[in-house]
Amino acid sequence: MSKLKLLLDVDEVICFSGFLDLVNQFLGTNYEIDDFTDYYIDESAIPKDQMEAFNMFINNKDQYENPVFLPGALEAIERLSKIYDIYICSDCRNPFDLANSGRLFLNKYNLLYQNIPQDIIPAKNYILTGTKNIFKADAQVDDLIKNLDPEIEGRFLFPSYHNKDVSPVELFEKGIVRAGYDWRTGWEILERQLMEFAKEKQGPVLTKK
């Protein structure tokens, strides 16, 4: 039986990058991820008159050098890889500094290559793009509703600091399943949901222990 195809986001789904740490270093603050409700932390935290200086500050930094992997993420991905061909589908652009965004592609590639074994997600499955809706799969996981392609049957919203207020009505109308409300338990819920989705699509799935 062929595996199902899964498109999987990286930032705020597999891990938190060190971006917030860089914001705190620049401002001399102690922000935590749950202090924010807007997706763009820099736009919320950095005064507009300091944004150029901040972008210069981070240009020589690797925000993926010390990632914080979300609880259970790597373990769940390994188990899911037995029934899904997993494709990373993730943006690498800094919309506030497009001219210097090239470094982020390298940094994210290294993050994935160094932390996820090639037999789990091979490098040929890395899709680094901001135009996610041109890639089709059986299921997709993202933390932004706008990135979830309505042409994909299984769409799962990963819980994050910026999507807590998305209404159940909106998700129902769009056919999107929420993997809980807390990123700390998101992978426990998401793995169960994806296993159930695969079972509905393929019948009972046997996995190696």
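The values are calculated or read from the model by the stated rules, or taken from the named source; none is laboratory data. Fair warning: this is a prediction, and the values are worked out from it, not measured in the lab. In this analysis, Cβ positions are derived from the backbone assuming ideal geometry, glycine residues included, and neighbour counts consider all displayed protein chains.
In the same structural domain as Val10 (by TED's automatic domain parsing) and either on the phi > 0 side of the Ramachandran plot or touching a Cys at 6+ places or on another chain (Cβ under 7 Å) (or both): is that true of Gly154 in this structure? No.
Of all residues in region 78-99, those satisfying the criterion of being of a type in the set (A, V, I, L, M) and within 22 Å of Gly203 (Cβ to Cβ) are Leu80, Ile83, Ile86.
Output the number of residues of region 48-60 satisfying the condition of being surrounded by fewer than 16 Cβ atoms within 10 Å (Cβ to Cβ) and either hydrophobic (A, V, I, L, M, F, W, C) or touching a Leu at 6+ places or on another chain (Cβ under 9 Å) (or both).
The total comes to 5.
For region 61-104, the candidate set comprises residues that are part of a helix (DSSP H, G or I) and modelled with pLDDT under 95; within that set, the residue that is surrounded by the most Cβ atoms within 10 Å (Cβ to Cβ) is Leu104.
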